[in-house]
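Read-outs: derived from the displayed coordinates by stated rules, not from any lab. All figures in this text were calculated on a predicted structure; none of them were measured in a lab. Cβ atoms come from the backbone with ideal geometry, glycine included; neighbour counts cover every protein chain shown.
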Amino acid sequence: MNGGIVNEKGLDIPGLLAHAAQKQPVSEWKDGRAITNDELWEIPCDWLVPCALGGVITRERNARSIDCKVVVEGANEPTTPTADSILEERGIPVIPDFLANAGGVTVSYYEWAQNLQQYRWTHEQVNKELKATITKAYTTVRDLAKQKGATFRTAAYAIALQRVAEAERLRGN
């Protein structure tokens with residue numbers, strides 16, 4: 001990955017996909033301005049959603065120059081711990097990876113449960129259940145973060161640890 005494109009008025013996604021399907025470089029798309037990977041992080045936006053690689057938001061590279069209102073970690077561990085602290089100091093909330101990208105593992109659980117019951121859900125049922133599960137998880141984390149004055153990551157870890165402790169207690173450990 002060596003760059004991308006930006007268009008402040010929005011991208012024509014179907015047109016861009018057709019362009020890419022012809023094996024043309026995205027950077028040559030006629031309706032966008034080519035940018036480098038480093039320039040990407042400084043584009044003003046509401047939501048920054050790094051989804052491809054881990055370790056892309058770092059103290060050394062971009063944590064001080066990112067210009068967004070919220071980071072949603074679509075990839076696994078895209079934000080290093082030191083960068084996470086910088087974003088917190090700057091007032092940029094980070095929705096952690098294990099909350100933001102939990103859809104895949106959640107749907108895998110649904111598949112496992114369906115296989116045990118020899119039952120098949122429709123696509124609509126899966127999406128409905130996933131939306132309810134993720135919404136509840138996000139709301140629980142958000143509410144605890146707000147109540148304790150903590151980051152989303154700290155609140156999510158606290159909830160996870162409480163659940164593990166409760167499971168261990170119920171097992172008699």
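General remarks:
- 0 to 90° range, to nearest 10: angle between helix 123-148 axis and the chain longest Cα axis: 80
- Modelled this way, with points 7 Å down the Cα-to-C-beta line, the labels at Glu28 and Leu161 are 5.3 nm from one another.
- Proximity of backbone amide H atoms, modeled 1.01 Å from N, is registered between Ala63 and Thr58 at under 5 Å, excluding neighbours fewer than 5 places apart on the same chain.
- In order through segment 87-98: 3J(HN,Hα) via Karplus (6.51 cos²θ - 1.76 cosθ + 1.60), integer Hz, x for Gly, Pro: 4, 4, 4, 7, x, 9, x, 10, 8, x, 3, 6
- Once the convex hull of all Cα atoms in segment 1-109 is built, its volume per residue stands at 118 Å³.
- For the chain, adding -39500 (n - 2.57) for each run of n ≥ 4 DSSP H residues and dividing by the number of residues yields -15500 deg cm²/dmol at 222 nm.
- Fraction of alpha-carbon pairs over 16 Å apart in segment 1-40 - percent: 29
- The alpha carbons of segment 45-170 give a radius of gyration and a Dmax of 16.6, 51 Å, in that order.
- In Hz, Karplus ³J(HN,Hα) per residue of segment 66-80 (6.51, -1.76, 1.60; θ = phi - 60°; x = Gly, Pro): 4, 10, 9, 8, 8, 9, 10, 7, x, 8, 7, 6, x, 10, 6
- Shown for Tyr138, Tyr109: other C-beta atoms within 10 Å of each C-beta, ranked fewest to most, produce the order Tyr109, Tyr138.
- Inter-centroid distance (Cα atoms) of segment 129-173 relative to segment 11-38, Å: 40
- Degrees, to the nearest 10: 152-170 long Cα axis against longest axis of the chain: 30
- Net dipole in debye of the chain [+1 Lys, Arg Cβ; -1 Asp, Glu Cβ; about Cα centre; nearest 20]: 540
- Selection from Thr139, Gln125, Gly74 lying farthest towards where the dipole of segment 45-170 points positive, charges on Cβ: Thr139
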